[in-house]
Structure formats: structure tokens, C-alpha cells
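Shown next, in C-alpha cells, is the structure this report addresses.
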Amino acid sequence: MNIPTTVLTLSAHGGGLSVALWSRDEIGEGGRTIQRTSIKLQKSFKDAKTGEWRRFEINLFASEWPGIRMLGDLAFEHAMIRGGENGDDTE
């Protein structure tokens with residue numbers, strides 16, 4: 001029995017965010033090999049109350065990414081309208 005091997009295919013960091021793409025081959029219907037790709041998105045931030053660094057992460061299938069992009073663009077547009085150039089409500 002072959003155990004699928006998961007391989008890191010992309011890793012990028014910037015602005016407190018990081019993304020990693022992981023791929024693995026699986027056996028599908030009829031014995032066909034299917035490549036599955038998952039995306040891990042992480043955001044690091046400093047907790048204002050404790051001063052400790054925290055990390056938020058979400059794991060998605062590649063097929064979910066278009067929906068995340070659409071919702072992210074919508075949220076960004078809303079933030080820019082409400083918060084001006086910086087996209088936030090702070091002064």
C-alpha cells in the first residue's frame with residue numbers, strides 16, 4: 001500500500017502574512033492518480049492585551065480559493081470606503 005506523500009510546492013511571506021501550498025497524489029476512481037492541493041494561510045499578530053505573538057491560520061482546498069478571493073476583495077473594498085486610504089478606522 002502506497003502512503004501519499006505531501007510536498008510543499010510554494011511558501012511565501014510578507015506583511016505578517018504567509019501562504020503555503022501543499023500537494024499530494026491520491027488514487028481516485030478507477031485507479032486514476034489525482035493531485036490534491038491545499039492552501040494554508042497564516043497571519044501573525046501581537047495580542048494588544050498580553051503582548052504575546054499569536055497566529056491565526058486557515059487551511060483550504062485550492063478549489064475554495066476563488067471564493068476566498070471574492071470575499072476578501074469585497075471586504076477590502078468595504079474597508080477602503082469606510083476607513084479611507086489606510087483601510088482602517090484608526091487615526
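FYI, it's all coordinate maths here, none of it is from the lab. Values in this document were obtained by computation on a predicted structure and should not be read as measured data. Here the Cβ positions follow ideal geometry from the backbone for every residue, glycine too, while neighbour counts run over all protein chains shown.
Around the Cα centre of the chain, unit charges on the Cβ atoms of Lys, Arg, Asp and Glu (plus for the first two, minus for the last two) sum to a dipole of about 360 debye.
When the gyration tensor of the chain is built from Cα positions, what are the square roots of 5 times its three eigenvalues, in whole Å, from largest to smallest? After scaling each eigenvalue by five and taking roots: 35, 18, 9 Å.
What relative contact order, as a whole-number percentage, does segment 6-86 give when Cα pairs under 8 Å and 6 or more residues apart are counted? Mind dumping the intermediate values first?
On the way: 107 pairs, mean separation 15.0, N = 81.
About 19 percent, as a whole number.
Simple spin-label estimate for S63 and S44 gives 3.4 nm between the two label positions (7 Å along the Cα-to-Cβ direction from each Cα). A dipole drawn for the chain from +1 and -1 charges on Cβ atoms has a positive end, and of T6, T50, T37 the residue lying farthest that way is T6.
Annotation: extensible slack from A12 through A79 equals 21.6 nm (criterion: 0.36 nm per residue apart, minus Cα-Cα distance).
For the chain, with a Gaussian network of springs between Cα atoms less than 10 Å apart, report the residue from G67, G16, G31 with the top mean-square fluctuation. Greatest mean-square fluctuation among the candidates belongs to G31.
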